[in-house]
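The values are calculated or read from the model by the stated rules, or taken from the named source; none is laboratory data. The structure displayed is predicted, hence computed values, not measured ones. Heads up, the Cβs are rebuilt from the backbone with ideal geometry, glycines too, and the neighbour counts pull from every protein chain shown.
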Amino acid sequence: MTTNHHHETIGPGLLEQVAPDVFSYVQPDGTWFINNTGFIVAETGVVSIDTTSTERRNRAYIEAIASVTANPVKLLVNTHHHADHTHGNYLFPDATIISHVSCREVMVANGITDYRAAFPGVEWGDLKFRAPDLTFEGETTIHLDELTVDLFDLGFVAHTEGDILAWIAESGVLFTGDLIFHGGTPFALFGSIQGTLDALQVIAAKEAEVIVPGHGPAFSGSSIKKVLHDQSNYLHFVQEVAVEGIKFGRAPVEQASITDLREFSSLTDSERLAGNLHVAYRENAKADYEWVGFEQAISDMIIFNNGELPRCVA
Ligand SMILES: [Zn+2]
């Protein structure tokens, strides 16, 4: 295994007003641990959707909010448990943090995971664990002054077992968390390939005007159909590659290594194919496959990545 000691510098988060009082905070380049957040400004407070990965990135996000409003963040939504979306919870001590029941359960079980070996070179900062305060299943609505934000789960496992989406009906803005990696490789190792496909249908049915994904640029209007289509195509591709591998009795990593990524080679973090294939094998009724666990699936991603750890410039 080789380690990439070279730590690239990438630009700061991009703050954009996507609707009246609704802001996206998109962090380039959307790769490992470089996620998006966003916030909605109400009369006396702010609702934030997610936080980010490192202390430095979270403090930059807080500054971005402060550049728009002096109002405090009163409510904070965690779209799912992954560290890049939740590490900054502790920097919002006065906010009520809302998540899916399963999201909180996983967070409490894991605490702050030590990623120093898997992602060397990242300065995580002085992170402290902070769990959500309020959990739900199904749907709920949060109210802050005149603002309403509808939160809903999918009723099935997709990116994780506790994904929630945030919908601002008034302006047609949908925050999807990691159900969408715009420009990146979808990642279902902690969830389901089929579930992520089904989630894309739920997202399409919302007929949003603007979508803020968990990673990659926000998109709107006629781009929505295309982005959802592209994400579905990749997930179908993973399922087809799994069918091929199962037919010839190849292990997921073996099958990954002989697969032509075609148009998907331009997506970032393409090593995720090896991890995604484990999930697609598990979900294929014809496979004689026993789930190997996350650690093995991640090792296979490294093998598929020519022995290199995933590139992480968080
Ligand atoms: Zn995630």
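Brief remarks on what is shown
- Residues in the stretch 183-208 that are within 12 Å of the ligand (Cβ to nearest atom) and free of Cβ contacts under 8 Å to residues at least 40 places away in the same chain: 1 in all.
- Scanning the stretch 218-274 for residues that are in contact (Cβ under 8 Å) with a residue 60 or more places away in the chain and either over 19 Å from the mean Cα position of the chain (by Cα) or over 26 Å from K286 (Cα atoms) (or both) yields A218, S220, L267, T268, D269.
- The set of residues in the stretch 106-120 being surrounded by fewer than 22 Cβ atoms within 10 Å (Cβ to Cβ) and within 14 Å of the ligand (Cβ to nearest atom) consists of V106, N110, T113, Y115.
- Looking across Y61, Y25, one residue alone is assigned to a strand (DSSP E or B) and surrounded by 17 or more Cβ atoms within 10 Å (Cβ to Cβ). It is Y25.
- Any chance G45 is touching a Lys or Arg at 6+ places or on another chain (Cβ under 7 Å) and at pLDDT 95 or above: yes
- For the stretch 55-67, the count of residues that are among the basic types (K, R), closer than 18 Å to P217 by Cα and in contact (Cβ under 8 Å) with a residue 12 or more places away in the chain is at least one.
- Listed by position, the strands (runs of 3 or more DSSP E) contained in the stretch 115-188 that have at least 2 residues being over 15 Å from A208 (Cβ atoms) and over 18 Å from the mean Cα position of the chain (by Cα) are 134-136, 139-144, 147-153.
- Residue check, V101 under 19 Å from H159 (Cα atoms), in contact (Cβ under 8 Å) with a residue 12 or more places away in the chain and of a type outside the set (G, A, S): yes
- Unique residue being farther than 26 Å from C312 by Cα and of a type outside the set (D, E, K, R) when the list is A280, A256, A251: A251
- Filter result for D178 (within 12 Å of the ligand (Cβ to nearest atom), closer than 23 Å to I302 by Cα and surrounded by 19 or more Cβ atoms within 10 Å (Cβ to Cβ)): yes
- Total residues in the stretch 74-105 satisfying the condition of being assigned to a helix (DSSP H, G or I) and either among the aliphatic types (A, V, I, L, M) or away from the ligand (no atom under 13 Å from the Cβ) (or both): the figure is 9.
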